[in-house]
Amino acid sequence: MKKKLLIMGNNKRLITDFFMQLDFYFDCASTSLITADLRIHYQFFRPDAIVYCMHVESRDNINSVIQFVDGAPKEDKVPFIVVADGADYEFLCKMPGGRADFRIGANASVSELQSEINNVIVRHKCNKADQKVQVAPKLENALDTLSQLDEELKKLESGDANIKIPANLLSGTGRKRILVVDDSTIIHKAIKSHLEKDYDISTAISGAAALRFLKTKEANLILLDYEMPEMNGAEVLKALRENPLTASIPVIFLTGVNDTAKIQKVLRLKPDGYLLKPIDKDVLLSKIKEILG
């Protein structure tokens, strides 16, 4: 049975190749870049992979695709494959949430496209099969924990104050998330390399993008650049503090500014830390551990 691909993007030549030269291997359907249209095609076509054929894409187009990919239910997610040259792919990666499961160069041959996409789909299906095998023991452990908790709650209801909450409920399992807000992707990469061993790292290329990110996702700490176009770090921090949902998130300023007057202006907003660029890895780690524990 042929694998199904949902194809989109502005690279019309490449999309034509999928329909004319790869139809023996794949069952292809195309869609516009309107988010609602993407979801309808996805729902009714049920593809094995999503293929984004990029060519000088607008910011709105990329945002629509990102929202669509991020909005798919986890259990229904399929590989998101981007076929693009370096400049287009870099533009995608700069957008909040912009990422792909696999990237193929825009100049790849038809045989390379067929081979790479097929391999990505096969690996994805194998990984899903492995996860299903692991679900049973995890479910058993969860049920055991709930059973223990139920027994302790019964003690509490009977007036026994000597209860013991299961340790795995107290400790948690997720890593803390740090949001890096900076208009330089070089800074993103540097900080991610410093911190990704111990923390989950998300990035935003502007203050507005960071505020949009925080409408739907949580962060335990924000590393915030001071000098950014359109909305600088002081303005972002002020907006964070004025929103009850983000007011308590710790903020550390990262900046190359060594102007005493500007620093004093920022400190009046009471950030949780202030570090000058270039960022020293040890100082950064020490400050984060001081705040997050």
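The values are calculated or read from the model by the stated rules, or taken from the named source; none is laboratory data. Keep in mind that what you see is a predicted model, and the values were worked out from it rather than measured. Glycine also receives a Cβ, built like all others from the backbone with ideal geometry; neighbour counts cover every protein chain displayed. Keep in mind that these areas ignore ligands, DNA and RNA; they rest on the heavy atoms of the full protein, side chains included. Shrake-Rupley method; radii C 1.70, N 1.55, O 1.52, S 1.80 Å.
Pairing each residue of region 267-293 that is more than 19 Å from K176 (Cα to Cα) with any residue that is open to solvent by 40 Å² or more (accessible area, probe 1.4 Å) and not in a helix (DSSP H, G or I), provided the two are 6+ apart or on different chains, yields C-beta distances under 6 Å for K277/G256.
If you check I178, I191, I187 for being modelled with pLDDT of 85 or more, surrounded by 15 or more Cβ atoms within 10 Å (Cβ to Cβ), part of a strand (DSSP E or B) and not hydroxyl-bearing (S, T, Y), only one passes: I178.
All of (1) over 24 Å from Y89 (Cβ atoms); (2) under 19 Å from the mean Cα position of the chain (by Cα); (3) open to solvent by 40 Å² or more (accessible area, probe 1.4 Å); (4) not hydrophobic (A, V, I, L, M, F, W, C) hold for Y199 with one exception: (3). Pairs meeting the criteria (first residue in region 88-113 and touching a residue at least 40 places away in the same chain (Cβ under 8 Å), second residue among the aromatic types (F, W, Y), beta carbons under 6 Å, at least 6 apart or on different chains) are P96/F213; A100/F80.
Take the conditions in contact with a strand residue (DSSP E or B) (Cβ under 8 Å, 6 or more places away or on another chain), closer than 26 Å to D70 by Cβ and open to solvent by 40 Å² or more (accessible area, probe 1.4 Å) and apply them to D225. Does it pass? Criteria not met by D225. Filtered by the rule that a residue be modelled with pLDDT of 90 or more, under 18 Å from F213 (Cα atoms) and acidic (D, E), region 35-79 gives a lone residue, D60.
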